[in-house]
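For reference, the structure is listed below as structure tokens.
The values are calculated or read from the model by the stated rules, or taken from the named source; none is laboratory data. None of the values given here were measured: they were computed from a predicted structure. With ideal geometry, Cβ positions are generated from the backbone for all residues, glycine too; neighbour counts draw on all protein chains shown.
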Amino acid sequence: MRKAQFLCSDMLGRLQRYENAEIANKKAQEDLDNKAKDRAKKEARKRIQDHARMIDRCKVAMVLIDDAVTRLEACLSKLVHERYARFADLQVCELRLKHREGRPDQENFKDNLHANLESEQKVLATCREEMMAREEQVTSKLEVLVPLRKDLAKDMATRRLIIEHEMTNLRPAKSSHKVKPGGSDCSLPKIADAKPADEAAGNVATPTQSTMSLDHSGGMEASTTSVHHHVDNEVSLKMITETEKLLDGVEEFMDKGDEAIKKSKRTSGVVTKAVENSLTARTRHLQELKSSLESRVLDVSYAIQTAERELHKYERRLEAGDAAKRSTLQSHRQVLAELEKTKADLIEDLRHKTRALNIDNTCRRVTPQVAASASQKEGRPSSASTKPGAESSPPSPSSPQPGGDAAG
């Protein structure tokens, strides 16, 4: 009997020690779980802070890119307008040269006006080529900056999504299933499309996030899942560095563009003014010559009429046998023939001067609209985006080219 009591007492003592050991083990496990949970939270908060800092840098870079793109587009618009203006002046100059090719041979020489027109043609063509080169440079910068901004926005959105997932894992979520009596369940829902850590080991992804959940006995259970949103700090930093390098030269680049526009306006204004002054002086000179020739033709015509009348009277009074007077009459008739020849020469010269004056007056009336219409009728290039020397058909109003439309 005593032996049985001793065995029972010993058994109860062992059970008590086992129970105490189990409680101690559970407490130690809970401590380990709590430490793991705290460590996972600290790591998650650190990752969140890193992503937040990178997002702020991406925001600054995107704002700078937006400002640079706006300014570059404004610069591109000014370059296009300047190219249109120079192309319109070039069409006017070319049409004037074409009109002056129809001058009479006696007037078809290289005068000061013709030299100024040729100089204007060269200057305007050079200005237009420079504007087109500047446009290509601006377009190339925009083609780099716009995709770069899209990549930064994509990277920033991905990081925000990662932060949202991190925050979801940090805060407890309500369980949708029933909890056993006497227990609690604070397990967070699993992330969609999440894979176990061993399956995701072969993929380059964001740092593993720890999902903490409480078991029914009050203990903390850690589970890891991976969010499949690929971000690389090195790639992000490389994009930001590239943005800074590109933006460093934007200010200087735009200043050069503005200076090129001012230079184009200045040089083209000088040659255009010289052409207008030469054209005005040429038409005034031709008008004076025309008036002088008309006066001389009238004088010669009056002299011829008077001479014919006097010779007719002299011939009627001439005696048949007077050889001396007949010789004098013959010499007078030769002088009259020379006067008639002089009159014919004067009339021919007057006709040439009048034709040249009409051509130069036509040149003065040439406008960009008239020049563009003439170019379209003749099938010559009438688009401001057409490179000098290149053949092109008149552009369709419904399909303008990206770099320029028909010059107005």
Inset, instruction - Looking only at region 258-273, decide whether some residue is over 28 Å from the mean Cα position of the chain (by Cα) and either without any contact (Cβ under 8 Å) to a residue 60 or more places away in the chain or surrounded by 14 or more Cβ atoms within 10 Å (Cβ to Cβ) (or both). - result: yes
Inset, instruction - State which residue pairs qualify: first residue assigned to a helix (DSSP H, G or I) and inside region 298-316, second residue among the polar types (S, T, N, Q) and at pLDDT below 85 in any location, beta carbons under 9 Å apart, and separation of 6 or more residues or different chains. - result: Tyr314/Thr328
Inset, instruction - Determine whether region 96-107 contains at least one residue that is in contact (Cβ under 8 Å) with a residue 12 or more places away in the chain, within 32 Å of the chain's Cα centre (by Cα) and surrounded by 15 or more Cβ atoms within 10 Å (Cβ to Cβ). - result: yes
Inset, instruction - State yes or no: is Gln91 farther than 12 Å from Ala356 by Cβ, part of a helix (DSSP H, G or I), under 29 Å from the mean Cα position of the chain (by Cα) and free of Cβ contacts under 8 Å to residues at least 40 places away in the same chain? - result: no
Inset, instruction - Provide a single number: the residues in region 40-62 that are free of Cβ contacts under 8 Å to residues at least 24 places away in the same chain and not aliphatic (A, V, I, L, M). - result: 5
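Every residue, every condition in (1) loosely packed, with under 11 Cβ neighbours inside 10 Å; (2) at pLDDT 90 or above; (3) of a type outside the set (Val, Ile, Thr); (4) touching a Ser or Thr at 6+ places or on another chain (Cβ under 9 Å), yes or no:
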site: Ala307; (1), (2), (3), (4): no, no, yes, no
site: Leu311; (1), (2), (3), (4): no, no, yes, no
site: Glu315; (1), (2), (3), (4): no, no, yes, no
site: Ala320; (1), (2), (3), (4): yes, no, yes, no
site: Arg326; (1), (2), (3), (4): no, no, yes, no
site: Leu329; (1), (2), (3), (4): no, no, yes, no
site: Lys343; (1), (2), (3), (4): no, yes, yes, yes
site: Asp349; (1), (2), (3), (4): no, yes, yes, no
Inset, instruction - Go through the residues of region 140-162 one by one and say whether even a single one is assigned to a helix (DSSP H, G or I), crowded, with 18+ Cβ neighbours inside 10 Å, over 33 Å from the mean Cα position of the chain (by Cα) and not hydroxyl-bearing (Ser, Thr, Tyr). - result: yes
Inset, instruction - Answer yes if at least one residue in region 63-83 is in contact (Cβ under 8 Å) with a residue 24 or more places away in the chain and in contact with a strand residue (DSSP E or B) (Cβ under 8 Å, 6 or more places away or on another chain), and no otherwise. - result: yes
